[in-house]
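*Asks:* Mind having a look at this structure? Questions to follow.
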Ligand SMILES: Nc1ncnc2c1ncn2[C@@H]1O[C@H](COP(=O)(O)OP(=O)(O)O)[C@@H](O)[C@H]1O
Ligand SMILES: [Mg+2]
């Protein structure tokens, strides 16, 4: 008796960035096609809000490992290369990667600042990219939701948007905890990252609804891992409005 095992065709996302950081193609290979795509995304974001200046932008997605850090970190580099003073914050306190990506210390970061054990000046770190500064997650705190929902974060955002041209948040995913929803209400615009061919459609719709429920300003979605322009293990990203 012969029978075939039917394998379900699902593409897997990986956790490589948790230990090695994300690929910074905009830094490593700025003249590549993929870097150009990140530059285009940057420009499109800039033009997506006609009547309101965008100083603070949050990147999120429905689930973990969908490319929030890859897209937000590369767009941040792209902005800094435009001579804008940028601060990139690792607000994904449960799965932080920015310290790995930029190879900086994570001894003191967002969690310490929010706990009141570190000053703002001491948690802002410079990077190998001119004009680009980062605030890493800081050591894992037992209560990330409480920290991210605290009054102190509103103060932090006010201080940073006064000091920098752009504040970019690498946020947690929308569908697991309410952190991203809460943060989304405190920024000028929100971008939803959707990995093409990987994302669960219901999950993406749910995430969009959750962001709309809190009346955040959704600027658009970025399709990540679009197969068209595969290059050096990288897949392109494209921006689209809703
Ligand atoms: N466009 C892409 N092409 C190739 N690999 C990607 C792409 N976007 C993300 N990845 C990889 O997928 C994994 C998860 O991406 P990451 O940006 O860390 O997701 P998130 O921040 O949403 O958890 C990482 O290993 C990252 O390098
Ligand atoms: Mg991430």
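The values are calculated or read from the model by the stated rules, or taken from the named source; none is laboratory data. Worth saying up front: this structure is predicted, and the values here are computed from it rather than measured. Counting neighbours? That spans all protein chains shown, and the Cβs are built from the backbone with ideal geometry, glycine included.
*Asks:* For the list (1) modelled with pLDDT of 95 or more; (2) surrounded by 15 or more Cβ atoms within 10 Å (Cβ to Cβ), I need the number of the one condition that residue 44 fails.
*Replies:* All conditions are met except number (1).
*Asks:* List the number of the failed condition for residue 91; all other conditions in (1) closer than 22 Å to residue 40 by Cα; (2) within 15 Å of ligand 1 (Cβ to nearest atom); (3) in contact with a strand residue (DSSP E or B) (Cβ under 6 Å, 6 or more places away or on another chain) hold.
*Replies:* For residue 91, the exception is condition (1).
*Asks:* Hey, can you tell me all the residues within the range 146-175 that are within 16 Å of residue 54 (Cα to Cα) and more than 16 Å from ligand 1 (Cβ to nearest atom)?
*Replies:* 157, 158, 159, 160, 161, 162, 163, 164, 165, 166, 167 - these are the residues of the range 146-175 that are within 16 Å of residue 54 (Cα to Cα) and more than 16 Å from ligand 1 (Cβ to nearest atom).
*Asks:* Checking residue 69 against (1) surrounded by fewer than 24 Cβ atoms within 10 Å (Cβ to Cβ); (2) part of a helix (DSSP H, G or I); (3) in contact (Cβ under 8 Å) with a residue 40 or more places away in the chain: exactly one of these is not met. Which one?
*Replies:* Every listed condition holds for residue 69 apart from (1).
*Asks:* Test each condition in (1) away from ligand 1 (no atom under 13 Å from the Cβ); (2) surrounded by fewer than 18 Cβ atoms within 10 Å (Cβ to Cβ); (3) touching a residue at least 60 places away in the same chain (Cβ under 8 Å) for residue 190 and report the one that comes out false.
*Replies:* (2)
*Asks:* Give the residue, chosen from 97, 101, 60, that is in contact with a helix residue (DSSP H, G or I) (Cβ under 6 Å, 6 or more places away or on another chain), within 20 Å of residue 161 (Cα to Cα) and within 10 Å of ligand 1 (Cβ to nearest atom). Lay out the reasoning, then the answer.
*Replies:* Numbers: 97 fails: within 20 Å of residue 161 (Cα to Cα); 101 fails: within 20 Å of residue 161 (Cα to Cα).
So the residue among 97, 101, 60 that is in contact with a helix residue (DSSP H, G or I) (Cβ under 6 Å, 6 or more places away or on another chain), within 20 Å of residue 161 (Cα to Cα) and within 10 Å of ligand 1 (Cβ to nearest atom) is 60.
*Asks:* Say whether the condition of being within 17 Å of the chain's Cα centre (by Cα), outside any strand (DSSP E or B) and under 16 Å from residue 57 (Cβ atoms) is met by at least one residue in the range 187-205.
*Replies:* Within the range 187-205, one or more residues are within 17 Å of the chain's Cα centre (by Cα), outside any strand (DSSP E or B) and under 16 Å from residue 57 (Cβ atoms).
*Asks:* If you take the residues in the range 31-61 that are under 15 Å from residue 221 (Cβ atoms) and in a strand (DSSP E or B), which one is farthest from ligand 2 (Cβ to nearest atom)?
*Replies:* This residue is 57.
*Asks:* Looking at 64, 96 in this structure, which one is within 16 Å of ligand 2 (Cβ to nearest atom), under 19 Å from residue 175 (Cβ atoms) and surrounded by fewer than 24 Cβ atoms within 10 Å (Cβ to Cβ)?
*Replies:* That would be 64, the only listed residue that is within 16 Å of ligand 2 (Cβ to nearest atom), under 19 Å from residue 175 (Cβ atoms) and surrounded by fewer than 24 Cβ atoms within 10 Å (Cβ to Cβ).
*Asks:* For residue 198, only one of the following conditions fails: (1) within 17 Å of residue 66 (Cα to Cα); (2) touching a strand residue (DSSP E or B) at 6+ places or on another chain (Cβ under 7 Å); (3) at pLDDT 95 or above. What is its number?
*Replies:* (3)
*Asks:* Right, something else. Could you tell me whether the range 107-114 includes any residue that is in contact with a strand residue (DSSP E or B) (Cβ under 8 Å, 6 or more places away or on another chain) and without any contact (Cβ under 8 Å) to a residue 12 or more places away in the chain?
*Replies:* Let us first name the residues in the range 107-114 that are in contact with a strand residue (DSSP E or B) (Cβ under 8 Å, 6 or more places away or on another chain), namely 109-110, 113.
Next cut, without any contact (Cβ under 8 Å) to a residue 12 or more places away in the chain only: none.
For the range 107-114, residues in contact with a strand residue (DSSP E or B) (Cβ under 8 Å, 6 or more places away or on another chain) and without any contact (Cβ under 8 Å) to a residue 12 or more places away in the chain: absent.
*Asks:* When you check residue 75 against the structure, is it touching a helix residue (DSSP H, G or I) at 6+ places or on another chain (Cβ under 7 Å), more than 13 Å from ligand 2 (Cβ to nearest atom) and either more than 22 Å from residue 12 (Cβ to Cβ) or assigned to a helix (DSSP H, G or I) (or both), yes or no?
*Replies:* yes
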